[in-house]
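J.: Structure provided below as structure tokens; questions to follow.
Each value in this text was obtained by applying a stated rule to the coordinates, not by laboratory testing. Because the structure is a prediction, the values reported are computed rather than measured. Neighbour counts run over all protein chains shown; Cβ positions are idealised from the backbone, glycine included.
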Amino acid sequence: MPQNITVEKLLRRMEYELQIKLIAGEKGLTRKIRVAEINLPGLALCGYYKFFAYERIQILGNKEIAYLNELEQFQRDKIIKKLLSYQLPCIVVARNLKPPDELIAESNRVGISLLSTNLPTPVFIRRLLLFLEDEFGPYEIIHGNFVEVFGIGVLILGESGIGKSECALELIKRGHRLVADDSILLKHISGHRIYGMSSHVLKHYMEVRGLGIIDVLTLFGITAIRSRKRVELVVTLEHWDQSKAYDRSGLDEDFYELLGEKLPHVVIPVRPGRNISIIVEVAAMNLRAKKMGYHAAEEFNAALIKEMQRTEPAELEIDEWEDELGI
């Protein structure tokens, strides 16, 4: 994926969320945005251009516009021409403020897009940075299946032919949703979050051995798919190995590293007779329970230790004695 976007793409995709519109410099819509950062050019407007981050989107807020409006026309014209002599990606005026006429004219002349937003400067910057982080964040493409199970994003991994697509198909049939099949694009977002989505255009198709390509949207409806989801659980399917000791208590938590983040990891051995989709469902429900503060394995272990530490056996009630003796 190219690590740059055009101003036109920003305007088209974020017009509603950022409440932005083009007011001048239409020729600049093809300019590239190459970094996921912004700049408020207060010092540049005052004539200090050392370390000027011209490659970033420039934001003009209330202070910057007020400063420009207080200048004499010849000073304002000189400052604006100097500012726009750099290869800026675009300029955004916040709070729906009216930009100086000189700024509009110079933007049209040099072909730098001048945008306007109704949002206050801090709100606009926060929303814009989230979009830029999503576009420019580290990414990785992996082979597997990605489904949403009870609101939990479950990434299913395993060697080719192990049954990942069949497991995902059974989960979709049980009312869960497909995010991506076969080729998954993972993107690292701020806040230690990893989002997954399909890496190809045909997002709602699946390949099932023996059936070929199927259209999940047509067969199961619009509620059976979603475009992206946060990865919260990694499930690895592997062939059953009699010599391997699989976790049977759940006390030893395992993690899978993706893009520098450690995610909860469950290894499920596959052999005839095991319903893998139900196990994946329970793994997702168990993770939700842990997020809510309920850890079944730890509670069971604590109760077991408490029982073992008792100095005298518990006295059975008369009814329990009768049950034990078969009376």
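J.: Apply the Karplus parameterisation 6.51 cos²θ - 1.76 cosθ + 1.60, with θ equal to phi minus 60°, to every residue of region 246-258 and state each ³J(HN,Hα) to the nearest whole Hz, in sequence, with x for glycine and proline.
T.: In residue order, the calculated couplings are 8, 5, 10, 10, x, 7, 8, 7, 10, 10, 10, 8, 10 Hz.
J.: Still on this structure, please answer the following. Tell me the volume per residue, in Å³, of the convex hull enclosing the alpha carbons of region 5-135.
T.: Taking only Cα atoms, region 5-135 has a hull volume of 89 Å³ per residue.
J.: Oh, and also: Pairs LYS9/LYS164; LYS203/LYS291; LYS32/LYS98; LYS32/LYS173; LYS32/LYS291; LYS21/LYS78: which are spaced more than 32 Å apart, C-alpha to C-alpha?
T.: From the list (LYS9/LYS164; LYS203/LYS291; LYS32/LYS98; LYS32/LYS173; LYS32/LYS291; LYS21/LYS78), the Cα-Cα distance tops 32 Å for LYS9/LYS164; LYS32/LYS173; LYS32/LYS291.
J.: Calculate, for GLU253 and SER190, the FRET efficiency according to 1/(1 + (r/R0)^6) with r their C-beta to C-beta distance and R0 30 Å; round to the nearest 0.05.
T.: 0.75
J.: Still on this structure, please answer the following. Tabulate in residue order the Karplus-calculated ³J(HN,Hα) for region 63-78, using 6.51 cos²θ - 1.76 cosθ + 1.60 with θ = phi - 60°, rounded to whole Hz; enter x for Gly and Pro.
T.: 5, 5, 5, 4, 4, 5, 5, 7, 7, 5, 4, 5, 5, 4, 4, 5
J.: Treat each spin label as a single point 7 Å out from the Cα along the C-beta direction, and report the THR223 to VAL35 distance in nm.
T.: That separation, rounded to one decimal, is 4.8 nm.
J.: Along region 165-172, what does the Karplus equation 6.51 cos²θ - 1.76 cosθ + 1.60 (θ = phi - 60°) give for ³J(HN,Hα), rounded to whole Hz, x for Gly and Pro?
T.: Each residue's phi maps through the Karplus curve to give 5, 5, 5, 4, 5, 5, 5, 5 Hz.
J.: Ok, one more. How big is the gap, in Å, between the Cα center of region 148-205 and the Cα center of region 2-22?
T.: 28
J.: How many percent of DSSP beta bridges within the chain run antiparallel, rounded to 5?
T.: 65
J.: Sticking with this one: Calculate the spin-label point distance for GLN19 paired with ARG109, positioning each point 7 Å from the Cα along the beta-carbon direction, and give it in nanometres.
T.: Placing both labels 7 Å along Cα→Cβ, they lie 3.2 nm apart.
J.: Still on this structure, please answer the following. Which is the longest stretch in the chain that no exposed loop site breaks, taking sites as trypsin sites (Lys or Arg not before Pro) with a DSSP loop state and at most 14 other Cβ atoms within 10 Å?
T.: Excluding the exposed sites themselves, the longest stretch runs over 51-173.
J.: Of [x] 54; [y] 46; [z] 62, which is the value of percent of Cα pairs over 26 Å apart derived from the coordinates here?
T.: Computed from the coordinates, percent of Cα pairs over 26 Å apart corresponds to [z].
J.: Here's a follow-up. Taking a spot 7 Å from the Cα of MET308 along the direction of its beta carbon, which residues of region 238-275 have an amide N less than 17 Å from it?
T.: So the set is 248-252.
J.: Gain in length, SER160 to LEU130, computed as 0.36 nm per residue apart minus the alpha-carbon separation, to one decimal in nm?
T.: Length gained between SER160 and LEU130: 7.3 nm.
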